[in-house]
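Q: Okay, handing you the structure first.
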Amino acid sequence: MRTMQILHTPWRREYVVAAQNQEGCVFCDLLASEKDDQTRFILHRGKTAFLVLNIYPYTPGHLMAVPYRHIASTTELKPDELPELLHLCQLGEKLLRRTYGCRSVHAGANLGRAAGAGVPGHLHFHIVAWPEGPLWERCQGQMEPVETLEETFRQFRETLSSLRQG
């Protein structure tokens, strides 16, 4: 019999509390910022979407694929936006598997607040290492993330560079 594993992420409390009262859109604000991509943890910019680290991750390497346009649902995507968004989900999976040796990855979107969306007005896909394998073993029992966002970003940039060269 398999037991259900629960992701315990106390470091997300700050975000959960703040998100309830947040005005504006975190993704639109992120794109409007004058900071560089490394400071904003943006790993890749495409024509219609970008890949970014979640700064309040469920597990190390929690990524999000986000369209540039502020839309709430996949039904609002233009024909050229969907393939790129799915390509970024695929890229996120590759990064997690190659960087951390993940055996399982969850990719999905929470469409609407009742479905669990923390940013219900701006569509985004989460790409998360699932609780098994080497990465999860490093996370078990931890009250804080096992590495800094800067370290995760650096490792992903190295993997992304090797993917582009290969």
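Q: Could you list, in sequence order, the residues of region 53-78 that are hydrophobic (A, V, I, L, M, F, W, C) and more than 16 Å from CYS102 (Cα to Cα)? Spell out how you get there, then give the answer.
A: Residues of region 53-78 that are hydrophobic (A, V, I, L, M, F, W, C), as a first pass: 53, 55, 63-66, 71-72, 77.
Passing the criteria: LEU53, ILE55, MET64, ALA65, VAL66, ILE71, ALA72, LEU77.
Q: Would you kindly identify the strands (runs of 3 or more DSSP E) lying entirely within region 58-166 that contain at least 1 residues that are under 16 Å from the mean Cα position of the chain (by Cα) and at pLDDT 95 or above? Spell out how you get there, then give the answer.
A: Values: elements: 63-67, 105-108, 125-129.
So the answer is 63-67, 125-129.
Q: May I ask you to list pairs of residues, at least six apart or on different chains, whose Cβ atoms are under 9 Å apart, with the first in region 110-124 being more than 16 Å from CYS28 (Cα to Cα) and the second being not in a loop (DSSP other than H, G, I, E, B)?
A: Final answer for the pair search is ASN110/HIS126; LEU111/THR74.
Q: Still on this structure: Restricting the first residue to region 65-76 and requiring it to be in contact (Cβ under 8 Å) with a residue 12 or more places away in the chain, which pairs with a second residue that is open to solvent by 60 Å² or more (accessible area, probe 1.4 Å) meet a Cβ separation below 7 Å and a spacing of at least six or different chains?
A: From residues that are in contact (Cβ under 8 Å) with a residue 12 or more places away in the chain, the pairs are SER73/LEU111.
Q: Still on this model: Got a number for residues in region 39-68 being in contact with a Lys or Arg (Cβ under 8 Å, 6 or more places away or on another chain) and open to solvent by 30 Å² or more (accessible area, probe 1.4 Å)?
A: Residues in region 39-68 being in contact with a Lys or Arg (Cβ under 8 Å, 6 or more places away or on another chain) and open to solvent by 30 Å² or more (accessible area, probe 1.4 Å): 2 in total.
Q: Moving to a separate point now. Hey, any hits in region 30-38 for a residue that's part of a loop (DSSP other than H, G, I, E, B), modelled with pLDDT under 95, of a type in the set (A, V, I, L, M, F, W, C) and surrounded by fewer than 16 Cβ atoms within 10 Å (Cβ to Cβ)? Spell out the reasoning first.
A: Going residue by residue through region 30-38, those that are part of a loop (DSSP other than H, G, I, E, B) are 33-36.
Filter once more, keeping what is modelled with pLDDT under 95: 33-36.
Still in the list and also of a type in the set (A, V, I, L, M, F, W, C): none.
Looking through region 30-38, none of the residues is part of a loop (DSSP other than H, G, I, E, B), modelled with pLDDT under 95, of a type in the set (A, V, I, L, M, F, W, C) and surrounded by fewer than 16 Cβ atoms within 10 Å (Cβ to Cβ).
The values are calculated or read from the model by the stated rules, or taken from the named source; none is laboratory data. This structure is a prediction, so every number in the text was calculated from the model and none was measured. Backbone-built Cβ (ideal geometry, glycine too); neighbour counts: all protein chains shown. Protein only, heavy atoms only, side chains kept; ligands, DNA and RNA dropped before computing areas. Shrake-Rupley method; radii C 1.70, N 1.55, O 1.52, S 1.80 Å.
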